[in-house]
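Visitor: Can you read through this structure? Questions will come right after.
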Amino acid sequence: RLLGQSEKPPLVTTFHAFCYRLLSEMEKDRQYTIMDDEERRFFIHEIYTRMKKDGQVFPYPENVMAQMVAAAKQNICGPMDDLAGIAATFQCDEERFQPFYEAYQQVLYDQQALDFQDLIFRVVKALETDAEKQAFYRKQFTHIFIDEYQDLNQGQYRIVKALSSGSRNLFAIGDPDQSIYGFRGSNVEYFKKFMDDYPDAQMIQLNRNYRSTET
């Protein structure tokens, strides 16, 4: 109502829905299916079982291997990237993890499917490697507001940087004491370094709590 009928309303979305929108525009020739958790577990189980029959020895059950795949994507590491840090975090050999990760991604490619981590991963790669795409979406999204900034993971942080670099129209709100998504790769350090990333920004501290009064 404030904008009136002549103005296009702002886009309000989650990071994953935003990335799905961008991928659908960037890769119009491919129709992707977004897997739910049950489908993802099915493919993980199939790959794990097949590779064990072929003589592969894994130090962890399949659900932990799935967590390693998710962690790699959250850190924007593909099967051909350096996975030593991810493997070390789980105390696993990179030589055992890499083939599993590669096989999983090949199955997804064959099925024209993406998991939720792929949405962020693929958009980060596109924006960071294709200057034309980056410029196009910077012009499209000139003003960006991000809620719960303390819960950004590496991929989400890199999307924000790619779209907002050089812009003075980024607004973020968050509370480092409410960071709760470490299990999906969020890192409160991105919140703490906001003023380093955007030194011209103004910080407004909300010191009065209206939500948790004694009453």
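Visitor: Which of the GluC sites (Glu not before Pro) found in segment 1-63 are in a DSSP loop and have at most 10 neighbouring Cβ atoms, other than their own, within 10 Å?
Guide: Glu7
Visitor: Show the residues, 5+ positions off or on another chain, whose built amide H is closer than 5 Å to the amide H of Ala172.
Guide: So Ala172 has HN proximity to Ile146.
Visitor: For segment 112-152, what class follows from the C-alpha gyration tensor (a ≥ b ≥ c being the square roots of its eigenvalues): rounded when a/c is under 1.5, otherwise prolate if a/b is larger than b/c, else oblate?
Guide: The shape class here is oblate.
Visitor: Only helical DSSP H runs with n ≥ 4 go in: add -39500 (n - 2.57) per run for the chain, normalise by residue count and round the 222 nm mean residue ellipticity to 500 deg cm²/dmol.
Guide: -15000 deg cm²/dmol
Visitor: Under a Cβ-only charge scheme (Lys and Arg +1, Asp and Glu -1), can you give me the dipole magnitude of segment 134-215 about the Cα centre, in debye to the nearest 20?
Guide: For segment 134-215, the charge dipole is close to 380 debye.
Visitor: Putting +1 on Lys and Arg Cβ atoms and -1 on Asp and Glu Cβ atoms, find which of Gln5, His45, Leu152 reaches farthest to the positive end of the dipole of segment 1-153.
Guide: Value: Gln5.
Visitor: Could you order Arg122, Arg168 so the one with the most accessible surface comes first? Probe is 1.4 Å.
Guide: Most to least solvent-accessible, the answer reads Arg168, Arg122.
Visitor: Go ahead and run the numbers for FRET between Glu39 and Ser167, Cβ-Cβ distance against an R0 of 45 Å, rounding to 0.05.
Guide: Given R0 = 45 Å and the Cβ-Cβ separation, E is 0.75.
Visitor: I would also like to ask the following. Quick one: order Ser186, Ser167 from most to least accessible surface, probe 1.4 Å.
Guide: The most accessible residue leads, giving Ser167, Ser186.
Visitor: What's the magnitude of the charge dipole for the chain around its Cα centre, counting Lys and Arg as +1 and Asp and Glu as -1 at the beta-carbon? Answer in Debye, nearest 20.
Guide: Dipole about the Cα centre, nearest 20: 620 debye.
Visitor: Here's something else I'd like to know. For q = 0.08, 0.12 Å⁻¹, what log10 I(q)/I(0) does the chain give under the Debye formula with an equal point scatterer on each alpha carbon and no solvent?
Guide: Each listed q corresponds, in turn, to -0.36, -0.76.
Visitor: Let me cross-check Val57: its accessible surface, 1.4 Å probe, with only protein heavy atoms counted, in Å² to the nearest 10?
Guide: Taking all protein chains as shown, Val57 has close to 90 Å².
Visitor: Once each part is reduced to its C-alpha centroid, what is the distance from segment 70-141 to segment 20-68 in angstrom?
Guide: So the two Cα centres are separated by 12 Å.
Visitor: Next up: Roughly what angle does helix 15-26 make with the longest principal axis of the chain, taking Cα atoms, 0 to 90 degrees, to the nearest 10?
Guide: Tilt relative to the chain: about 80 degrees.
Visitor: What are the trypsin sites (Lys or Arg not before Pro) within segment 1-85 that DSSP puts in a loop, where the Cβ has at most 12 other Cβ atoms within 10 Å?
Guide: Counting only loop positions with at most 12 other Cβ atoms within 10 Å, the trypsin sites (Lys or Arg not before Pro) in segment 1-85 are Arg1, Lys28, Arg30.
Visitor: Could you pull out which residues in segment 156-180 have an amide N less than 14 Å from a spot 7 Å beyond the Cα of Met203, following the Cα-Cβ vector?
Guide: Residues 172-177 qualify, since their backbone N sits under 14 Å from the label point.
The values are calculated or read from the model by the stated rules, or taken from the named source; none is laboratory data. As the structure is a prediction and not an experimental result, all values here were calculated from the model. Counting neighbours? That spans all protein chains shown, and the Cβs are built from the backbone with ideal geometry, glycine included. Accessible surface is based on the protein model in full, side chains and every heavy atom, while ligands, DNA and RNA are left aside. Shrake-Rupley method; radii C 1.70, N 1.55, O 1.52, S 1.80 Å.
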